[in-house]
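Report on the structure given below.
Quick note: the coordinates plus some simple rules give every number you see, no bench work behind them. Computed from a predicted model, the values in this text were never measured in an experiment. Here Cβ is always computed from backbone atoms with ideal geometry, including for glycine, and neighbour counts include all displayed protein chains.
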Amino acid sequence: MKMEELMGNPVSVQVSKVITETPRSKTLQFALKNPIEFQPGQFVMVWVPGVDEIPMSISSWNPPEMGITVQSIGEATQALVSMSKGDWIGIRGPFGNPFSTNSKKALVVGGGVGVAPLRPLIYTLLDGGSEIIFVNAAKTKNELIYREEFERFRNPKFKVEIATDDGSLGFKGFATDAVSNLLDGNEFDRMYTCGPEVMMAGLYDHAKKGKIRFQASLERFMKCGCGICGTCAMDPTGQLVCADGPVFTGEQLAKLTNFGKYHRDAVGMKKEC
Amino acid sequence: MKIQGYWLASGVLGVTASTMLRTLNSGADAVVTKSIGLHPRKGHHGPVLATSHGGLLNAVGLTNPGIDAFEEEMQILRETKVPVVLSVFGDSPEEIAVVAEKGANMGPSAIELNLSCPHAEISQISHSPAVTSEYVKAVKEVVDLPVFAKLTPNATDYVSVGKAAQDAGANAIVAINTVRAMKIDILQQRPVLGNISGGLSGPPIFPIAVRCVYNLHNALSIPIIGVGGVSTWEDAVEMHLAGASAIQIGTAVMEDIEVFSKIKKGVNTYLKDRGHKSVDEIVGAAGGDKS
């Protein structure tokens, strides 16, 4: 058995750059010495010394520099957003199944910090010649991540739509309603999403109705990241979000009884999404 | 239940019915659940995993939802015909008896007593023959199911502990639990595991497990369920020769969930090639001295 490899070749690195994205979120960059294979949608396990180890989507990969975008939600994410250049973290991965980037016209929908794994997806899709409409959604204007980056980004095949729950910028209302409007008068061959699961479940219904191929990146409480502890299992198939996901297709999601319904907490008890 | 075949070891993919069913579909002959206690328990902070010298270190810390909440998963498992072994732990003989009694009503085929998790408070139980005996007796008094005692290789005299478990009524011994170990990151100059130390599993502990199984088999009359680093059919044959009637597989599942059927196939070919009628003929065949 190649244990190092199965564990994601753990390595300690120093943060090389911290970028403030919103009042609550930051992007941390660090260099990985050993070459890795990365595809959009994959994640790394991040060891926050003295605190915990948590899964984080990879939000940029410009070898050897990797980036993760962190929103302060709990103890470990709070510690990460408080870090400065030179601080140590541990990285193992990348893990998980990526997005399939086979699309001519894609609708990409990110909710809150869920836009993190979608950023490399967008650039990869554009490199492959896809046309994209990207819905960047958040509760309020101040929580829109990468807003300026995508405002400045000019590409004839790329269009960004903003949606905020409170209407402080762009469409006023939920991402699902913004998408509903976009589906009138636009044809898409794929819908990609990451964000709150209730939002993704709503988008899945839209995609099913519109016969658009669907891919969503799911989040579950995770301890190992590499398919052994079973904490992130989906019912009733026993698929693991870490090893079989985090990206699931519409066909796979149709078989999962807990998608959009419940997840398991740190002790394994069911909680509503 | 018959003590034979290749089972999913406790602690790996054993939190939900869905993952246990998946391993059963991949050829496991039985599954052992994650160890369940009386109350919900969060376990240790991460990292809960590390690697060193080809082995896996874990300090999960007995994370579980508590026996009452686990009933829902057991209910789903009850519908299958394959044996499910419920692993339980407790802080005292009284507590483990309560958990075992509640669990016995949920339809498992047997109860495995985790007396030996090396990175939690319960780690010391199976270091003492007297304490081990108290735990086994307490459970045997309240359940009619077969009771297996899972022992630690970290005890100096694990054979006496095994004898005590047998005398207290255990129907089989499960050997071994993980080996207490540690990993330090040389760049950060600090221990990797959130709990500082943990339990080593995987290929590096296989020879330790073989020795324990061999010694226990020679000293006891109840069956030995071998566990510890088995990842190939050759390992399984060796473990049978040492004295294991059944074998549990944990860490190797990480590489390939189909490991159960692969091992079974390899062992069957070996038996056929060597002219053995069944696996029983090789259990403990490596020797019978009492050392």
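This table checks each residue for (1) surrounded by fewer than 19 Cβ atoms within 10 Å (Cβ to Cβ); (2) of a type in the set (Asp, Glu); (3) under 22 Å from A:Pro55 (Cβ atoms); (4) within 8 Å of chain A (Cβ to nearest Cβ).
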residue	(1), (2), (3), (4)
B:Val12	no, no, yes, yes
B:Leu21	no, no, no, yes
B:Gly37	no, no, no, no
B:Lys42	yes, no, yes, yes
B:Gly55	no, no, no, yes
B:Thr80	yes, no, no, no
B:Val84	no, no, no, no
B:Glu112	no, yes, no, no
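Restricting attention to the stretch A:69-79, does a residue exist that is surrounded by 15 or more Cβ atoms within 10 Å (Cβ to Cβ), within 22 Å of B:Met254 (Cα to Cα) and within 14 Å of another protein chain (Cβ to nearest Cβ)?
No: the stretch A:69-79 contains no residue that is surrounded by 15 or more Cβ atoms within 10 Å (Cβ to Cβ), within 22 Å of B:Met254 (Cα to Cα) and within 14 Å of another protein chain (Cβ to nearest Cβ).
Every residue in the stretch A:183-195 that is on the phi < 0 side of the Ramachandran plot and crowded, with 19+ Cβ neighbours inside 10 Å, please.
Within the stretch A:183-195, A:Phe188, A:Arg190, A:Met191, A:Tyr192, A:Thr193, A:Cys194 meet the criteria.
With the structure loaded, tell me whether A:Trp88 is facing chain B (nearest Cβ under 10 Å), more than 17 Å from the chain's Cα centre (by Cα) and buried (at least 22 other Cβ atoms within 10 Å of the Cβ) or whether it fails that test.
no
Which numbered condition in (1) within 20 Å of A:Ile122 (Cα to Cα); (2) part of a helix (DSSP H, G or I); (3) of a type in the set (Asp, Glu) is the only one that A:Asp177 fails?
Every listed condition holds for A:Asp177 apart from (1).
Here are some conditions: (1) touching a His at 6+ places or on another chain (Cβ under 8 Å); (2) free of Cβ contacts under 8 Å to residues at least 12 places away in the same chain. B:Ser92 meets all but one. Which one does it not meet?
(1)
Give just the number: which of (1) β-branched (Val, Ile, Thr); (2) in contact with a Cys (Cβ under 8 Å, 6 or more places away or on another chain); (3) more than 7 Å from chain A (Cβ to nearest Cβ) does B:Val48 not satisfy?
Going through the list (1) β-branched (Val, Ile, Thr); (2) in contact with a Cys (Cβ under 8 Å, 6 or more places away or on another chain); (3) more than 7 Å from chain A (Cβ to nearest Cβ), B:Val48 breaks only (3).
Can you go through B:Leu216, B:Leu271 and tell me which one is more than 14 Å from chain A (Cβ to nearest Cβ), of a type in the set (A, V, I, L, M), assigned to a helix (DSSP H, G or I) and farther than 19 Å from B:Gly162 by Cα?
None of the other options fit; the residue is B:Leu271.
Filter the stretch B:211-237 down to the residues that are among the β-branched types (Val, Ile, Thr) and surrounded by fewer than 24 Cβ atoms within 10 Å (Cβ to Cβ) and list them by number.
Result: B:Ile222, B:Thr232, B:Val237.
Condition check: in a loop (DSSP other than H, G, I, E, B), of a type in the set (Ser, Thr, Tyr) and out of contact with any Phe, Trp or Tyr (no Cβ under 6 Å at 6 or more places or on another chain). Does B:Ser10 satisfy that?
So B:Ser10 passes the test.
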